[in-house]
Structures are given as structure tokens and as C-alpha cells.
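Undergrad: Before anything else, here's the structure in question.
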Amino acid sequence: RTLDGQVSAFVTASALVLANCRPVGRDFAQARPGDLIFYDQGDDQHLMVWMGGWVAYHTGTVTPNDNGLRAIALDHLMNWKDTRWRPLPGNPNFAGLFRLSFLAP
């Protein structure tokens with residue numbers, strides 16, 4: 001659903017989280033595979049998917065030989081050079097973990 005409650009084939013990252021998910025928190029011990037990692041960088045919002053030890057994301061780069069999909073181990077992401085992408089409680093860009101409503105108990 002969009003932020004105004006309409007059904008749509010496309011929603012923004014923020015609409016996906018705000019209208020279709022429940023917050024899990026910021027502790028990966030509470031995360032389950034399929035949970036979304038949400039980053040809010042002011043004008044831009046981004047999602048990654050927790051896969052249970054690994055994180056999947058899309059770079060936005062698509063070429064005939066590269067679909068832009070990547071996976072990274074969580075411990076590697078926690079030490080990423082660009083600190084905006086570290087999913088740590090002290091990172092103001094890391095908004096937390098969210099579970100799609102249809103998966104949440």
C-alpha cells in the first residue's frame with residue numbers, strides 16, 4: 001500500500017516501511033530472514049534485506065553483465081568505509097529493522 005492507503009505495484013522505500021511493515025528495532029538478534037534494513041538519509045531512503053548473516057541490496061547499476069544485486073556479510077557491512085551504511089544504533093541514517101506486516105505475528 002502507498003502512504004495514502006491505495007494499492008499500487010510500486011511504492012517508495014519509506015512507504016513500504018511506514019505503510020506495510022512493523023518495526024523490529026535495531027538489534028540484529030531480533031531479526032529474521034526477510035526483514036528489511038531501512039536507511040533514511042534525508043532526501044533519500046534505502047532498503048536492504050536481511051538474509052540471516054548476509055544482507056542483500058541493489059546498487060542501482062544495471063548493465064548487460066551486471067544486474068546490480070549484491071550480498072554482503074553483516075560483519076563486513078558493520079565496518080563499511082562509508083559509515084552511512086553501517087547498521088549501528090548510533091548511526092542516524094540507520095532507521096532500524098522492519099518486518100513486512102504479512103510476515104509479522
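The values are calculated or read from the model by the stated rules, or taken from the named source; none is laboratory data. What you see is a predicted model; the values in this text were computed from it and never measured. Backbone-built Cβ (ideal geometry, glycine too); neighbour counts: all protein chains shown. In case anyone asks, the SASA skips ligands and DNA or RNA and just uses the protein heavy atoms, side chains included. Shrake-Rupley method; radii C 1.70, N 1.55, O 1.52, S 1.80 Å.
Undergrad: So, restricting to strands (runs of 3 or more DSSP E) that lie completely within the chain, which ones have at least 1 residues that are open to solvent by 80 Å² or more (accessible area, probe 1.4 Å), touching a residue at least 12 places away in the same chain (Cβ under 8 Å) and in contact with a Lys or Arg (Cβ under 9 Å, 6 or more places away or on another chain)?
TA: 21-25, 54-58
Undergrad: Sticking with this structure for a sec: Anything in the stretch 56-71 that is more than 15 Å from Phe28 (Cα to Cα) and touching a strand residue (DSSP E or B) at 6+ places or on another chain (Cβ under 7 Å)? List them, or say none.
TA: If the condition is that a residue be more than 15 Å from Phe28 (Cα to Cα) and touching a strand residue (DSSP E or B) at 6+ places or on another chain (Cβ under 7 Å), then Tyr57, His58, Thr59, Gly68, Leu69, Arg70, Ala71 are the ones that fit.
Undergrad: Working only within the stretch 60-105, note down all residues that are among the β-branched types (Val, Ile, Thr) and either in contact with an Asp or Glu (Cβ under 8 Å, 6 or more places away or on another chain) or farther than 17 Å from Asp40 by Cα (or both).
TA: Selection gives Thr61, Val62, Thr63, Ile72.
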